[in-house]
Structures are given as structure tokens and as C-alpha cells.
Amino acid sequence: MLSIKLPQLFSIHQVPKVFREDGIISGYRHPRSSALDCVLSSFQMTNETVNIWTHFLPTWYFLWRFSVLSSSLDFLSESYTWPLLVYMVLICLYPFTSSCAHTFSTMSPEAYHICYFFDYGALSLYSLGCAITYASYVMPDCWVNSWLHRHFVPIAAGNTLICTGLSCYSRFLELEFPRRSKMLRTAAFVYPFLFDNIPLFYRLLLCCGGTCSHSEALSSHCYHLIFAFLTGFLFASHLPECLAPGRFDYIGHSHQLFHICAVVGTHFQMEAVLTDMTVRKSWLVAHAEVPSFMGTVGTLSLGFVLNLAIISLFSGVLLWAPHLIGPSQGASLQSSNNKEH
Ligand SMILES: [Zn+2]
């Protein structure tokens, strides 16, 4: 009879320290899985399976939205649509990179860190994409052509380098200073988020003061902010698994909820951006500068190359001096292998 033998799963004490997650007790994959085992594990119930699918399926949703928009908008020659083009590419890229990182992270301790370097790089580029679209479609009327408006994208491009650099560096602190590492990584993503949303916060403030214009998109913007707040809260709090370790190993732990809130938030953000882009088009075309190739696709390309350079730098340091990332992981991997195989 044909039978498929699923790879063995491990408990927290059987895997090296580097792979351990707070409050997750079981369902760990082998810390030296092959690439094929990693792909097959996405069809087996492990503590990463839902993490993989909660970003893989949304990738296809955003690709579908992108292809529908491509058939109705002229992304090639209408420069007004270029900020949206950059944004759509990035909201497809970040969940895809994340699902790949969760799939292949158990190939080795080094692969684990490098996978998440790419995950952070894609998230950081997504924040640049947000800044590019917000500068073009979301900026309040009274700020258009101001100093902040003219420098918004260059500052965001600088932020993306700080964000990727800090978040990758935080992995080097993880084993010895876990709290400091978590705080650094949280700050690395909260800072560009707050910067990107300054124009939106101001528009919401104006609305509270009763001087709203083009308010059609504001409800979707608010839903996005609510889900973004929830995303950050889940990332930082490790709820619910920290209250009942072992209960949410496979379904319902904070990282899965974090993924779901992130994509739902992105969905609302995309709707808000599309509404602002459509409703404000005639006003923006008349009063603001037309988005340039360099300010949109050019900035994204430059951000992409510089982020890759930062990731390569950290990956190089990790591969040439693995002791920098944690002195004990080699030994504990050894003992895990001896115990189980
Ligand atoms: Zn993730």
C-alpha cells in the first residue's frame, strides 16, 4: 500500500535556541530541512503552515487586483498612475517574500536569519511604496507643493535604509538580548509607518476640525489604521500564546493573527489609495506636479538595489562570522541532531 511518511516534528527543547518562539511548544520542523522538505511542509500541519498560507494566498489576491487594474489603467504611459504601479508591485512582493521566508527558514540557522533579512527588506520597501503613493494621492490639499511634500519621498527612501539596517541588525542581538532585539525591530518598523502616515493623520485631524475636503476615502484609511495598530500590537505582545503556552502552536498564535491583520489592513489601504487617486485626480493634476519616473519607479529601483546591498552585507557578516549571531546555536543544533537522528 502506498503511504506517505510525513517528516517528524519537534518540540521546543529539541530545536536550537535560534528557532524557538515564545509560547510555541510543539510543531517545529527539522532545523536542517531540505528545500523540498520545506515546500512539502507547507502541506503538513506544523507551527509555520498557517504563517505560510496567510501570506501566500493574499499574494494571489493582490496579484489579481493588480491585473484587473492593469487592464483599466495605462500604467505604461500615464505618469499619474506610476505611484499606484509601484505600490501594487510592493503589496504583491511583501506577502510573497514573507511566505517564502516562513517556508524555507528551517533549512539551517543561517538560512533562518537570511530568510528574515529578505522579509524585513520587502516590508521596508513596502513602507517606501506607501510613502510614494501617499505623496502623490493622499497628501492634504494645503500641504501640496510644501517643503514636506517635495522632500517626502527622499526622506522615506532614507527611512527604508534605516529600517532594513536596524531590523537586520536586531537579529544579531536576539539570543543574548531578546528584549532589546524586539524593541529595536519594533521601532525599525513603527518609525517609517508613523512618518508615512503624517499626511493622513493631518487629514483626519482636519476632518475632526470640520474642514474636510475629498473625504470619500477617509473611512477606508481609518480601517487601515485600526488594522495597522492591531498588527503592531500582536507583533509586540505575543498574545494569545504567551498567556497559554502550547495552546496555539498550530492555529491562532500571534504571528498568524499578525499576518492576517497586516493583509486586511493593506486591503483597506489599497481601497483608500484607489479612492483618493480617482476622486482627487482633477484637483491633483491641476495643482500638484505630475509624478516623475525618477520619483516613483526610479526611487523604487534604487531602494531595491540599496536594500539588497544591506541584506547582502548582513548575510555576508552572518556567513563569515556566525558566532556574532549567537555563540550557543551550533552546539545546541548538534545535540538536537544527535538526539533525534
Ligand atoms: Zn511573518
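The values are calculated or read from the model by the stated rules, or taken from the named source; none is laboratory data. Everything numeric in this text was worked out from a predicted model, so none of it was measured. Methodologically, a virtual Cβ is constructed for each residue, glycine included, from the backbone with ideal geometry; neighbour enumeration extends over all protein chains shown.
Brief remarks follow.
- Criterion violated by ALA286 - all others in (1) away from the ligand (no atom under 16 Å from the Cβ); (2) in contact (Cβ under 8 Å) with a residue 24 or more places away in the chain satisfied: (2)
- Summed over the range 281-298, residues that are polar (S, T, N, Q) and surrounded by 13 or more Cβ atoms within 10 Å (Cβ to Cβ) total 2.
- Consider the range 240-262 and keep the residues that are within 16 Å of the ligand (Cβ to nearest atom) and aliphatic (A, V, I, L, M). The one that is farthest from PHE193 (Cα to Cα) is ILE251.
- Per-region count, the range 289-324, residues closer than 22 Å to SER127 by Cβ, hydrophobic (A, V, I, L, M, F, W, C) and either without any contact (Cβ under 8 Å) to a residue 60 or more places away in the chain or not in a helix (DSSP H, G or I) (or both): 5
- Flag if THR59 is within 18 Å of GLU241 (Cβ to Cβ) and not aromatic (Phe, Trp, Tyr): no
- Residues of the range 18-37 satisfying the condition of being more than 18 Å from GLN256 (Cα to Cα), surrounded by 15 or more Cβ atoms within 10 Å (Cβ to Cβ) and of a type in the set (A, V, I, L, M, F, W, C): VAL18
- Residues of the range 90-122 satisfying the condition of being within 12 Å of the ligand (Cβ to nearest atom) and of a type in the set (A, V, I, L, M): ALA101, ALA122
- All of SER98, SER67 fail the test of being surrounded by fewer than 16 Cβ atoms within 10 Å (Cβ to Cβ) and either part of a helix (DSSP H, G or I) or modelled with pLDDT of 95 or more (or both), apart from SER67.
- Subset of the range 299-318 (residues that are surrounded by fewer than 22 Cβ atoms within 10 Å (Cβ to Cβ) and among the polar types (S, T, N, Q)): SER301, SER312, SER315
- Residues of the range 41-61 classified as more than 16 Å from the ligand (Cβ to nearest atom), assigned to a helix (DSSP H, G or I) and surrounded by 15 or more Cβ atoms within 10 Å (Cβ to Cβ), total: 1
- For the range 266-305, a tally of residues being touching a Ser or Thr at 6+ places or on another chain (Cβ under 6 Å) and over 12 Å from GLY129 (Cα atoms) returns 5.
- Residue satisfying condition, being within 30 Å of SER34 (Cβ to Cβ) and among the aromatic types (Phe, Trp, Tyr), within set TYR137, TYR112, TYR202: TYR112
- Test for THR278: is it of a type in the set (S, T, N, Q) and buried (at least 20 other Cβ atoms within 10 Å of the Cβ): no
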